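Engineer: Can you keep this structure in mind? I'll have questions shortly.
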Amino acid sequence: MPEFGHYSHLFYLVAFNFVMLACLWARNWRWLLTQRRTLIIVVAAAVLWMFVTDPIGGAWHAWFFDPAKVLGFWLFGVMPVEDLLGISLVGLTAASAVLVFGYSPRRFI
């Protein structure tokens, strides 16, 4: 795989989520749009959970972010802004997959 330097984690996060989201939304976009309220609630809940728990874990030094490998914008002084992007994309991808495979009329991609 190609190396993208210090920000390779961002490239992989966006690229792999985009591939899965594109597959899910390509055939099911009409139905998923009818479920946008659910998708918004799931992403908002994930972001809210992150805002509550990440500062606690960061203050307790439960994990470490190398300042040289993040964009440099910190929320609450302990979590990089990339966490917000990550939890939003992963939450949207997971919620879309659960809706498509569990509840959509087609139940497949």
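Engineer: Can you tell me which of (1) of a type in the set (D, E, K, R); (2) crowded, with 16+ Cβ neighbours inside 10 Å; (3) closer than 15 Å to R106 by Cα is the one D54 doesn't meet?
Structural biologist: Single failed check for D54: (3).
Engineer: Another one. If you go through the stretch 95-109 one residue at a time, how many are surrounded by 15 or more Cβ atoms within 10 Å (Cβ to Cβ) and either in a helix (DSSP H, G or I) or charged (D, E, K, R) (or both)?
Structural biologist: So the answer is 5.
For (1) touching a Pro at 6+ places or on another chain (Cβ under 6 Å); (2) within 22 Å of V19 (Cα to Cα); (3) surrounded by 13 or more Cβ atoms within 10 Å (Cβ to Cβ), each residue gets a yes or a no:
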residue	(1), (2), (3)
L75	no, no, yes
V78	yes, no, yes
L85	no, yes, yes
T93	no, yes, yes
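Engineer: Now for a different question. Which of the residues belonging to the stretch 1-39 are exposed (fewer than 14 other Cβ atoms within 10 Å of the Cβ) and closer than 17 Å to Y103 by Cα?
Structural biologist: A26, W29, R30, L33, T34, R36, R37
Engineer: Something else: What pairs come up if the first residue lies in the stretch 90-109 and is under 18 Å from V43 (Cα atoms), the second is of a type in the set (S, T, Y), and their beta carbons are under 8 Å apart, counting only those six or more places apart or on different chains?
Structural biologist: That search, which allows pairs on different chains as well, returns A95/T38; L99/T38.
Engineer: Out of (1) assigned to a loop (DSSP other than H, G, I, E, B); (2) under 25 Å from Y12 (Cβ atoms), the odd one out for F51 is which?
Structural biologist: Checking F51 against (1) assigned to a loop (DSSP other than H, G, I, E, B); (2) under 25 Å from Y12 (Cβ atoms), the one that fails is (1).
Bear in mind these aren't lab numbers, they're just calculated from the coordinates by the rules spelled out. Just so you know, these numbers come straight off a predicted model, no measurement behind them. Quick reminder, even Gly has a Cβ in these numbers, built from the backbone with ideal geometry, and neighbours come from all protein chains shown.
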